[in-house]
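Engineer: Pasting in a structure now, in structure tokens, and then I'll have a few things to ask.
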Amino acid sequence: MTVLHLPAGAGPAHRFLGTTMTVKAGGRETGRALTLIEQECPPGFATPSHVHHHDDEAFYVLAGVLHAYGDDGVREAGPGSFLVLPRGRPHALANRQDVPLRLLQLTWPAGFEHFVTEVAALGAGPADPARLAEVAARHGYQITGPPPA
């Protein structure tokens, strides 16, 4: 593996469920160890409830407040917060603030970048829930419910 350096703003950017995800590193760059994504979520953004079956997920909040909904309650993570969501646990994420949420997302092992690319190819509008569930299942993710109210 060689040294990887991406300047600010570099990396392929994808529209993903209303967010912008910029892939900073994936399996090819990390020997399949991890995926690193810089993400910006607009006000009102929320993921459906879902489970990662094959990867763990972590977030480092750069700006805004991340609301993480899990089977053990809701966590609010502000700038400088680090949150780890282990595989196999249902969760959903949301931006309940009136400003964009910026964060770094890590998943390990790598592979999440392929899911992002395939979902982005579905188009810019809201994803059809059945189609999203099908794509998610192919990548080891299970949609378990709607976004949190």
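Quick note: the coordinates plus some simple rules give every number you see, no bench work behind them. Just so we're clear, the structure is a prediction, and the values are computed from it rather than from any experiment. Note that we place each Cβ from the backbone using ideal geometry, even for glycine, and neighbour counts take in every protein chain shown.
Engineer: Under a point-charge model restricted to the Cβ atoms of Lys and Arg (+1) and Asp and Glu (-1), what is the dipole moment magnitude of the chain relative to its Cα centre, in debye to the nearest 20?
Structural biologist: Result for the chain is approximately 140 debye, rounded to the nearest 20.
Engineer: Taking the Cβ of each residue in 72, 128, 56 as the centre, tally the other Cβ atoms inside 10 Å and list the residues starting with the fewest.
Structural biologist: Arranged by neighbour count, lowest to highest, 72, 128, 56 become 72, 128, 56.
Engineer: Arrange 29, 118, 134 by Cβ neighbour counts within 10 Å, fewest through most, would you?
Structural biologist: Neighbour counts put them in this order, fewest first: 134, 118, 29.
Engineer: Something else: Considering only 16, 112, 82, give the residue with the highest GNM mean-square fluctuation for the chain, with springs between Cα atoms whenever their separation is below 10 Å.
Structural biologist: Of 16, 112, 82, the most mobile in the Gaussian network model is 82.
Engineer: ³J(HN,Hα) across the range 141-149 via Karplus (A = 6.51, B = -1.76, C = 1.60, θ = phi - 60°), whole Hz, x for Gly/Pro?
Structural biologist: Residue by residue, the range 141-149 yields 10, 10, 7, 10, x, x, x, x, 6 Hz.
Engineer: Picking from 64, 117, 45, whose Cα lies most toward the positive end of the charge dipole for the chain (charges on Cβ: Lys, Arg +1; Asp, Glu -1)?
Structural biologist: 117
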